[in-house]
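Here's the structure, in structure tokens; my notes come after.
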Amino acid sequence: MSQPYRQFSLEEQRARVLNALAKAQALRARFSPLLLRWVGDALRSELANSKIDEEVLAFDTLEQASNSEQCVLRFEAAVERGAASEAEVRARMSRVPRSVERSAEWKAWEHSRISEDQVRMRRLMDSVVTAQAWYVVAPTYTPQGGIFEYRVSADFQFEGLPMNLDWNATLDSSGPFGQIVTLSCAVAEGAPSVRVATEGFFDGVTNWLLSRRDVQVGDETFDHTFRVEADEAVAQRLFDGSTRTRLLSLAGASEIEFAVTPGVAMLVFDPMTLEGVNTAANVLARIHGFDWRWELVRP
């Protein structure tokens, strides 16, 4: 049984407090920034207490020593809660939404006014995917140049995985002159941000490109074709041989963009073809089940 607190001298008490603090800080130092982003605000605030060193040293009486010890005990308890939260945080990060949420602008096909051009777009999409539901955005018209913009979307499944296929087509009096196909699916809510694009995709926003680090994956053709913004270790594992081949195949037909954000992965390409959609769907299917290997508490 330990002796009563008051029997320790100030220096002995200081040594006890500093020893307890050192142990708590050693465990706290193992917490990754990722873990700290996912714990609750209150716990994160307790773990970020930068005045703890000054407080534990600033005592000249046993009463002040007692207060300092209580401060350290609170910090120690917070650190232990942080360590204990690892499994719960990992479970939340691994959670995958059932599907990608649509913005409010998308309306169900059967409750919308449909243009003839949107009907033609749907017929072509019907030859590419077996849709479970259809959506549209009301056509927009730009008087300058007489440009119409049409958007049609379908929910479908690729090998049992729910995906969204959105098609944006721009037409003027001479016919279609531009289109954007966006394929998306749900991924883990803790997925890190990844962005990959062909050099020409960001024409007009060169400053954005210059402000980001271009990660190399060690494939000369891929590195020459794409700019990659991602954690280097993640990029090396994420872009394996089959994924690089598929992205290069899509880039052979158009400028493309691939992006991962927490909960969503998407691929932007054109034109709308069965081969293109299947290639893109295979890329997203791999990302959907990717093992991100989050490091929350370091060894």
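Here, each number is a calculation from the coordinates, and none is a lab measurement. Please read all numbers here as calculations on a predicted model, not as lab measurements. Ideal geometry is used to build each Cβ from the backbone, glycine not excepted, and the neighbour counts take in all protein chains shown.
Report summary: the helix-based calculation at 222 nm, which adds -39500 (n - 2.57) for every DSSP H run with n ≥ 4 and divides by the residues of the chain, gives -12500 deg cm²/dmol.
Of the trypsin sites (Lys or Arg not before Pro) found in region 234-299, those in coil by DSSP whose Cβ has at most 13 other Cβ atoms within 10 Å are ARG293.
To the nearest 10 degrees, how steeply does helix 62-84 sit against the main Cα axis of the chain, on a 0 to 90 scale? It is inclined by approximately 30 degrees. Excluding ARG298 itself, what net charge comes from residues whose Cβ is under 12 Å from its Cβ, given Lys and Arg +1 and Asp and Glu -1? With Lys, Arg at +1 and Asp, Glu at -1, the neighbours total 0. In this calculation the C-beta distance from SER103 to LEU274 is compared with R0 = 22 Å, giving a FRET efficiency of 0.25. Model label points for THR140 and LEU18, set 7 angstrom from Cα along the Cα-to-Cβ axis, are 6.5 nm apart. Relative to the Cα centre, the charge distribution of region 59-134, modelled as +1 at Lys and Arg Cβ and -1 at Asp and Glu Cβ, gives a dipole magnitude of about 820 debye.
Phi angles across region 237-252 convert, under the Karplus curve 6.51 cos²θ - 1.76 cosθ + 1.60 with θ = phi - 60°, into 3J(HN,Hα) values of 7, 5, 9, 6, x, 5, 5, 4, 4, 5, 5, 5, 4, 5, 5, x Hz, Gly and Pro given as x.
The mean sequence separation of alpha-carbon pairs under 8 Å and at least six residues apart, normalised by the residue count of the chain, gives a relative contact order of 18 percent. Measuring spread by the Cα atoms of the chain yields a radius of gyration and Dmax of 27.4, 94 Å.
The trypsin sites (Lys or Arg not before Pro) of region 100-136 that DSSP puts in a loop, and whose beta carbon has at most 11 other beta carbons within 10 Å, are ARG113.
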